[in-house]
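Scroll down for the structure; my scribbles are underneath it.
The values are calculated or read from the model by the stated rules, or taken from the named source; none is laboratory data. Please read these numbers as outputs of a predicted model, since none were measured by experiment. With ideal geometry, Cβ positions are generated from the backbone for all residues, glycine too; neighbour counts draw on all protein chains shown.
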Amino acid sequence: MEFLSHPYPIRPRPVDGELFLGFVLRLADMNGRETLADLFCDFKSLRQSRCFFVRSDDFYRVLPYFAKAIDMSCTDLRKYFMRDGLLHEVASNTFYRTKIGKPVFCPHCIAEHGYIKSKWLYMHINHCEVHECKLLHACPACGAEQKWESKLLHRCTNCAKPWADVAIVQVALPAYEQTLAKMSTTQEEAYLEHLYHYVKFSMRPFDATYDKYHKAIEHLQDTSKYFEYAHLLATLEYVRHDYAKHRKRRFIKDLRSESINKLLTNLDAPLHAANDESFSLNFPAVSKEQPSGKIEIPDAATYKILTVNRMRQHAANDNRYHLRWEDSQRLLSMSRNTIVSLIDRGVFKKRTHATSSAKLIAPALDELVELHSRLRTIIKILPTKPSFKTARWSNLGSYLGKKRTIAELLIAGLNREISIYTSSSVEDFMIEELLFDVGELERFKLSA
Ligand SMILES: [Zn+2]
Ligand SMILES: [Zn+2]
């Protein structure tokens, strides 16, 4: 592979904690290249923003160019940026944390040290702990967002205001950022693993499901309040408890559901599943004193941070109810096949992906709650064992003398073709207590 006949005349070495793209800009700047396009011209290669996303295939594709340009081995050059790759791994289920969006920066650090820190691009970092100021997303003089050009290492890429002339505006750092600044790398990883788990609940507190977010960085400039609350969720049992209660109440109200509905209680399973006692011990609540007064759940972040599919599945104001297939299956305790046959029979609405009409979308929470309420009207709960013959759902197949699927039985019940009784004395029931034969439940658990 011959892309450069000689290394560049000036060959800087990366600084610890430097952003890979920032290093590339420094290399360009020192060798008289203003834009990334100029640089990539030298390599006779196409520039893609993914190239700067450490650990991506494209990163490894372009790494040899830069290694050659500074006359260093790929392995040695790569070492400087592995920490970002590691952190990306930690939180990859949630956010493209180290994905390169528009520049976020501390102008004072740039003016003093002349390089871009990689942590400024992390989703959870909103401040510079050295200068105790907010990180900037735009030039304070002209308000323009910055470009990834070599000028950025000295001044505004739009109005050319030198960063050295920008006045420092000090603010108090959020407690979790203060805590992070003092942590070792190993501690930091463990801490972030938890923080990023809980921030999902904090960013969209009243959503039925949590999955990858889309372009969270671009749509949320200051994430402090979400991470502050995520830390409280991660470390304080009563905050989690209050959160779950509040959230359930909101669903009951909005879905006009009955006050007791185990479907809604089970929604909290992912929240409680993540509870980790040793984490709370190792990382006690950020402030020295327990937070006093009422802890407010943050307002939901914009729906624009949701995955594209989720944004398109529902109207903007009700993508809250979207469920992933595994969530629908878990809440209904049904296999995907059973749910699909219920969709075919019209029990649930048939909706398909915006991108492909062949891809079915799982029934949303509002539909599940509605089905649950309808079941209450067709299933009689008998407090004591009645004198007449009763049939539990689980026995219905044999009771009717025919082998039927659960979906068929459910439809028959909804159509009032058969009467169904349960001898359960509990006030409320889960669908799985009524609907499932052991075989299906086992198959579901195996496939989940
Ligand atoms: Zn700074
Ligand atoms: Zn400017």
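Every residue in segment 189-206 that is closer than 16 Å to PRO284 by Cβ and either over 20 Å from the mean Cα position of the chain (by Cα) or surrounded by fewer than 19 Cβ atoms within 10 Å (Cβ to Cβ) (or both), please.
ALA190
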Pairs only if they're at least six apart or on different chains, beta carbon under 6 angstrom, first in segment 113-139 and without any contact (Cβ under 8 Å) to a residue 24 or more places away in the chain, second more than 9 Å from ligand 1 (Cβ to nearest atom) and part of a strand (DSSP E or B); list them, first residue then second.
ALA138/GLU145
All-but-one check, MET183 against (1) in the same structural domain as ALA269 (by TED's automatic domain parsing); (2) over 30 Å from the mean Cα position of the chain (by Cα), failing number (2)
For segment 133-170, give me each residue that is under 28 Å from the mean Cα position of the chain (by Cα) and away from ligand 2 (no atom under 14 Å from the Cβ).
CYS133, LYS134, LEU135, TRP148
From HIS108, HIS127, HIS88, grab the single residue that is closer than 26 Å to GLU193 by Cβ and modelled with pLDDT of 95 or more.
HIS127
Look at TYR238 and say whether it is surrounded by 15 or more Cβ atoms within 10 Å (Cβ to Cβ) and part of a helix (DSSP H, G or I).
no
